[in-house]
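> Could you have a look at this structure, given as structure tokens, before my questions?
The values are calculated or read from the model by the stated rules, or taken from the named source; none is laboratory data. Predicted model only: the values in this text are computed from it and were never measured. For neighbour counting, all protein chains shown are included, and Cβ atoms are generated from backbone atoms with ideal geometry for every residue, glycine included. What goes into the accessible areas is simple: the full protein's heavy atoms, side chains included, and nothing from ligands, DNA or RNA. Shrake-Rupley method; radii C 1.70, N 1.55, O 1.52, S 1.80 Å.
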Amino acid sequence: MGQLDIYYRALSEYRKQINSNAECRAFTKTVADALACGADSIVVKRPICKINEDWVDAIEEGLVHIEKAIKEDRQFIRSSGEVVPIEKVKNVSRDSVEHLARHSNLISRDPKEDENLVPDGLYTLERLNDYNVYENRFLYMLLCYLRDFVTLRYTNIQKLASQYDGAMKLSGSVLYAKREIRYTVDLHEKREDDRYLRENNESKDIIERISAILNAILSFLSTPLMESVSKVAMIKPPITKTNVLKMDKNFKGAVALYDFLISYEGDGYTVEEREKKISPLTNDVGAESAEIIAVLAFIAYEHGLGISESLKREYELAEQRKKQAELESHRQQLELVKKKVLRSELSADEYILELEKHVKMLESENSKIEPLYSKIDSLKKNENDLKETIGRLNERIEELDVQLADTAEKRFAYVAGFKKDCDEKIASLVERHNEQIAAINLQMSEQRDNYHRQIEHMERITDEKRAEYEEYISGVRALEEKNLLLEARIKAIKAEHGEMSAGDDYSDRESFSDLEREYEAFVSFYEKQWGITKRKIRKRILSPKNIKRINKAGKQ
């Protein structure tokens, strides 16, 4: 049973139940009359696909030639030969003997009188069947092109042929028996690949033809010949029309189909959108819609007031009464049948059949009642257990009340004494706490002063150590500069006297860096000495004795 059948059956049963009640029937008629007079509407849009049969006919005709061409099983024999050692030769053919006759160099041993002629090697020839001829490769290319060509159009046509777009708009208000209902329904549904539309399409026959074409193409591609050809490179257009393609009837038909496909323009189908509108609604549509509005109003009322459980109980009781009435009616009918049997108006077999029906009905009811009986027994047992538990708890409560009355005064006296002891202990603890805080503050003050003195002493020692360290560092640097200067002077003296050997090479990075530092140390030394020398020269030139001698020489 399909989904549409289930919905139709459910709606029919629902309408039957509604129409069985006069009040419900009158209410739905009022709503239906309002729908018939309003601007309510149902709009359905469907794309109607009209398929051009020219390409379908051409492909069906061409596939006949392709099938026959595949069955020709065209191939060529490929020969592959080589000289192999004599101990590896398995079969000797005529080609092997002819090759040995032309290549006597393969016989390197002279046979003795009683020995046969044994060469060192023999030529072996292997013939293989090769199906990868150009014509078979053309068939494979054509089938691949056909598969893509048909699949694209078949997919689009199937989608269009089973597409549904529907909308329903209802709005208005109804007054009936002190009830006012205002409703607005705006329904929009889209479906794709709908089974009903697919099976009841105007183009169903031609769509089935296209499906058969696609299945045939896929079956041709799965043949052993095409699977073998698929392992080599596919040929690309333009094709070379060999003699076979031009002269063979089947291959000639395949080429004609190929020429048709590559020159075909368009989608192969046209689409026309068809719209169906129902407004105002017909009596049947209005009645069904009115019943849906009524049930929507009931759902809002049921859950809004929270009466689902109450309605469920009433429904179950009504069903039970209905079953009991059916059983009673059948029992009365059974009694009537029994009387007729006694009066010989009916046979005993008919009475037995009615009796069996009644027994089956009773068994069905018993099967439903038995779980309820077991549940009732379980509930009664739980009720008895709860009553016993409640009795024991009441006795315990009475005992606790007596104990509470006896111990109330003792508890008050104990609490008073306990409070007094607590107050005394708290006062003692507070006094001891204050004393401990004072002692801790004094100790912390002494530790703070001692800590400050230690810090001052450490700072003084640190300053002295820092001065010693700086003096040490300056001495080390002076020694390093002096050492560099001496190295530079030694190298300068050696260079001046031509004592630098060929092994004294300072071109590598580390040696040149050392040389550069020595140069910087020498330059620094030179600048310092030049400053000292300039001061001595200035002092000697500007001395009073020298000035007096210069003035005397000038006068002369």
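> Would you pick out the residues in the stretch 527-553 that are of a type in the set (A, V, I, L, M) and either closer than 30 Å to E481 by Cβ or surrounded by 10 or more Cβ atoms within 10 Å (Cβ to Cβ) (or both)?
Residues satisfying the conditions are I532, I537, I541, I547, I550.
> May I pose another question? Taking the stretch 456-477 as the search range and keeping residues that are closer than 28 Å to E518 by Cα and of a type in the set (D, E), which one is most open to solvent (accessible area, probe 1.4 Å)?
This residue is E471.
> Within the stretch 1-27, take every residue that is more than 30 Å from Y269 (Cβ to Cβ), assigned to a helix (DSSP H, G or I) and touching a Lys or Arg at 6+ places or on another chain (Cβ under 9 Å) and give me the one that is most open to solvent (accessible area, probe 1.4 Å).
N19
> Just name the residue that is least open to solvent (accessible area, probe 1.4 Å) out of those in the stretch 217-275 that are of a type in the set (G, A, S) and over 22 Å from N132 (Cα atoms).
Looking at the filtered set, the residue picked out is G268.
> In addition: Could you give every pair whose Cβ atoms fall below 9 Å, whose first residue belongs to the stretch 128-155 and is within 22 Å of I51 (Cβ to Cβ) and in a strand (DSSP E or B), and whose second residue is open to solvent by 20 Å² or more (accessible area, probe 1.4 Å) and modelled with pLDDT under 90, counting only separations of at least 6 or pairs across chains?
none
> Scanning the stretch 177-192 for residues that are farther than 29 Å from A22 by Cα and open to solvent by less than 100 Å² (accessible area, probe 1.4 Å), which turns out modelled with the lowest pLDDT?
The residue in question is R191.
Quick grid of which residues meet (1) more than 30 Å from A34 (Cβ to Cβ); (2) touching a residue at least 12 places away in the same chain (Cβ under 8 Å); (3) touching a helix residue (DSSP H, G or I) at 6+ places or on another chain (Cβ under 8 Å):
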| site | (1), (2), (3) |
| --- | --- |
| E180 | no, no, no |
| L187 | no, yes, no |
| Y196 | yes, yes, yes |
| N200 | yes, no, no |
| A212 | yes, no, no |
| N215 | yes, no, no |
| M226 | yes, yes, yes |
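> Have a look at G475, G498, G531, G503 and point out the one that is of a type outside the set (S, T, N, Q) and at pLDDT 80 or above.
Unique residue meeting the criteria: G531.
> Here's a check for you: in the stretch 375-414, which residue that is open to solvent by less than 80 Å² (accessible area, probe 1.4 Å) and β-branched (V, I, T) is modelled with the highest pLDDT?
Out of the qualifying residues, it is T389.
> State the number of residues belonging to the stretch 276-295 that are open to solvent by 90 Å² or more (accessible area, probe 1.4 Å) and part of a helix (DSSP H, G or I).
Selection size over the stretch 276-295: 2.
> Tell me, which residue of the stretch 55-107 that is basic (K, R) and either surrounded by fewer than 14 Cβ atoms within 10 Å (Cβ to Cβ) or modelled with pLDDT of 75 or more (or both) is farthest from L218 (Cα to Cα)?
R102
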